[in-house]
Every structure is written in C-alpha cells, then in structure tokens.
Amino acid sequence: MHGFIECRWDRWLDEDDRSWHGAIDLTHLYNGRSYVAFGALFGVRDTTTFRPLAGWRGLPADVSREALADFESWTSDTTGASWITWAELAATDWDEVANELDDCVHEYRRSPDGTWELHGRNTSLDRFAELAGATDPHALYRAGRTYPEDTEWPDGDRCFRIGRLRRKHAVPDSDWSAIWSVMRTLAGVHGDEGVRLVVWFAG
C-alpha cells in the first residue's frame, strides 16, 4: 500500500482556495501488508468478509500534487486506488462483526481485569496443534474451515477459538495507530472533512 495523508483548509477560506495538500507520505507511517485490513478498508482482494468502507473509489479528482506525482511514478504497477476521509473513519462502527467465519484460529489472552482479549490470529500454532490434535498443516493454518464456529480450546490464561473478526481486529491499532494519530491531529486543525487518506496498491 502506498499513498498520502492529505489535508485542506476547510475554515475561513473561499471555496476556490480549498486545494488539497500532501501532509505526509505513508511510507513514514505504515510498512505492513494485511489483506484482511486492506479488504475491510478498501475492498482489496476481499469484499465479502466486511463491507469495504471505501472500495475502489479511484484517485480523488482534486488529489494533491504530491500524491499525484508519486502515484504517476507507480502507474504501470498499480492495481487500483481509493481514498477515505477522517470523518468517515471517525463514524465507523469498529465493533462490526464480519459477515463470515475467519479461516484463522484466534488466540485470546486473559487481561488483568479478567476479560478475554484477542492476542492474534494463527499465533502460538505449535500449542494450538497440541490442543487440537492437528497434524495436517492445511488444517492448522485454516482451522476456521475445519472446526465449527465457537469451538474453543482453553489453555490456562489463554484460549484458542474459532470465530469471526470484528472490524477493529481486521484493522488493528497495533498496525494503524500511527496513521490514525496523524489524521486525528490534522482533523483538529482542518476539520474531519478536511483530512483524508489517499492510497494505491502496487503489484
């Protein structure tokens, strides 16, 4: 994923003077590759697990000069582009449950207050294999296709479970907090509609 966070002055300026500017290149904020996240946000490779928030909108007609110049350097390799405003992200129901079962087994760990928190997907697979008696690697990595929903394997202060993701788990803060933090800060200056994420995908 490549792109920019853009902003524009929405306050005190004439309509003709509200051009978008590239605030920061995403290479400084994000270095991951998560198709479940890309699908939940932009419909990349997956439009069924979650309704994409901003599926393949293309580049904005008024894209910033900085983003356009970078995009054009990738043009022959790009597979699509989209954008989403901070206003849309701020209004998102991050607790929304996925439309379908996740292929990966979920590892939960007990928090200090006694509640279960998602620790990861397909993590601690050696231990999961012992508990589930799984010997087939395909079954191990795609346990959601092998076991019924809500099947659990308790293991002390952790538990393995077959289930559905919530949108916040598909787009975890551990990966995206830097992007959200910059957008939130800029929105405090430019307004929620005056900040957007413009992205494109290569290869």
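The values are calculated or read from the model by the stated rules, or taken from the named source; none is laboratory data. Everything quoted here is computed from the prediction, not taken from an experiment. So basically every Cβ, Gly included, is an ideal-geometry build from the backbone, and we count neighbours across all protein chains shown.
Given Tyr141, Tyr108, which one is aromatic (Phe, Trp, Tyr) and either in contact with a strand residue (DSSP E or B) (Cβ under 7 Å, 6 or more places away or on another chain) or within 14 Å of Asp155 (Cα to Cα) (or both)? None of the other options fit; the residue is Tyr108.
Set side by side, the residues Ser64, Ser19 differ, and just one is more than 16 Å from Trp180 (Cβ to Cβ) and surrounded by fewer than 17 Cβ atoms within 10 Å (Cβ to Cβ), which is Ser19. Look at segment 173-186: where a residue is under 19 Å from Trp9 (Cα atoms), no partner that is charged (D, E, K, R) and surrounded by 19 or more Cβ atoms within 10 Å (Cβ to Cβ) sits 6+ places away or on another chain with Cβ atoms under 8 Å. Can you find a residue in segment 141-151 that is in contact (Cβ under 8 Å) with a residue 60 or more places away in the chain, over 18 Å from the mean Cα position of the chain (by Cα) and more than 25 Å from Arg51 (Cβ to Cβ)? No, segment 141-151 has no match at all.
Would you check which residues across segment 103-112 are of a type in the set (Asp, Glu) and modelled with pLDDT of 95 or more and list them?
Initially, segment 103-112 is screened for residues of a type in the set (Asp, Glu), giving 103, 107.
Once the filter is applied, which keeps residues that are of a type in the set (Asp, Glu) and modelled with pLDDT of 95 or more, segment 103-112 yields only Glu107.
Among the strands (runs of 3 or more DSSP E) contained in segment 1-89, which hold 1 or more residues that are more than 19 Å from Val195 (Cα to Cα) and modelled with pLDDT under 90? Result: 78-85.
Of everything in segment 161-203 that is over 12 Å from the mean Cα position of the chain (by Cα) and among the acidic types (Asp, Glu), the residue that is farthest from Thr123 (Cα to Cα) is Glu193.
Could you check how many residues of segment 57-82 are out of contact with any helix residue (DSSP H, G or I) (no Cβ under 9 Å at 6 or more places or on another chain) and touching a residue at least 40 places away in the same chain (Cβ under 8 Å)?
10
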